[in-house]
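The values are calculated or read from the model by the stated rules, or taken from the named source; none is laboratory data. Just so you know, these numbers come straight off a predicted model, no measurement behind them. For neighbour counting, all protein chains shown are included, and Cβ atoms are generated from backbone atoms with ideal geometry for every residue, glycine included.
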Amino acid sequence: MRAVVSWMVGLALAGTPLSTVEAQEDPLIFSARVHAGFSTTQVHGDQISGFNKFGLCAGATIDMRRSGGQGIQWGILYTQKGSRRVPDTKNGDFNSWRYRFTYIDLPLTRTWDPTPEWSWGVGIQPSVLVSAEEDFYGTGYDELNYLEINPVDVGGVLQAGYMWSDKAALEVRLSQSLLPISERPDQPVQRWNSFMMNMAIQWMVTWHLG
């Protein structure tokens, strides 16, 4: 796991190689981007699977580059993560519950633009926990007090985008915890049988401001 983290850090922080003196003298260009959309998420270790928990995500990033083909992005994104058990009413199973973990994501990614329309990137993403909540009885979210969630989630992120106009793009990001967000329970219990890890897909519209 440490090797994976080290590789992601090195890839995200690696400088853009410059092959000529002229390239080295190119000015560093900064541009801002605003994002808004929704997330579909799941949590490893909660005894269910599937991206059944929907939430909000929004924020902004700064793009830094010396050439049009590659750069580095740093962002701040508000993201609702968690998981939801879907009842199987056809078979008489009406049991349902939800986790909602609200984070401030701080993605740092290395990006490439293979064509003017398409882009992709890879990087690391520390996420600061804002709140951890659970809705077990279907009456609304309450603070999660029997399970301790780490204040910071260290994850990796992959992203891809498509420009449909000069200023607007569709963007999708897949993020995965690289380290557990909770300790493994001494005795497995309902909704918690292992250490937990977040996995989220963010679907966003992106506006380029510069």
In segment 120-154, the residues that are modelled with pLDDT under 95, hydroxyl-bearing (S, T, Y) and surrounded by 13 or more Cβ atoms within 10 Å (Cβ to Cβ): Y141
Of all residues making up segment 97-153, the number that are over 16 Å from I76 (Cα atoms) and not in a strand (DSSP E or B): 20
All positions within segment 155-184 that are closer than 11 Å to M197 by Cβ, surrounded by 16 or more Cβ atoms within 10 Å (Cβ to Cβ) and over 10 Å from the mean Cα position of the chain (by Cα): L178, P180, I181, S182
A careful count of residues in segment 154-174 that are part of a strand (DSSP E or B) and either without any contact (Cβ under 8 Å) to a residue 60 or more places away in the chain or in contact with an Asp or Glu (Cβ under 7 Å, 6 or more places away or on another chain) (or both) gives 13
Determine whether S67 is closer than 25 Å to T206 by Cα and at pLDDT below 95. yes
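Quick one: which of T40, T61 is surrounded by 16 or more Cβ atoms within 10 Å (Cβ to Cβ), within 30 Å of L28 (Cβ to Cβ), modelled with pLDDT of 80 or more and β-branched (V, I, T)?
When all the criteria are applied, what remains is T61.
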Please work out if L174 is modelled with pLDDT under 95, closer than 22 Å to C57 by Cα and of a type outside the set (G, A, S). no
Output for Cβ contacts, cut-off 8 Å, separation at least six or different chains, first residue without any contact (Cβ under 8 Å) to a residue 60 or more places away in the chain and more than 20 Å from L108 (Cα to Cα) in segment 27-45, second loosely packed, with under 14 Cβ neighbours inside 10 Å and polar (S, T, N, Q), reads none
Return only the number of the condition from (1) of a type in the set (G, A, S); (2) surrounded by fewer than 16 Cβ atoms within 10 Å (Cβ to Cβ); (3) at pLDDT 95 or above that S194 does not satisfy. (3)
Pairs please, first residue from segment 89-111 and farther than 15 Å from Q202 by Cα and at pLDDT below 95, second anywhere and β-branched (V, I, T) and buried (at least 19 other Cβ atoms within 10 Å of the Cβ), Cβ atoms under 8 Å, 6+ apart in sequence or on different chains. Y99/V43
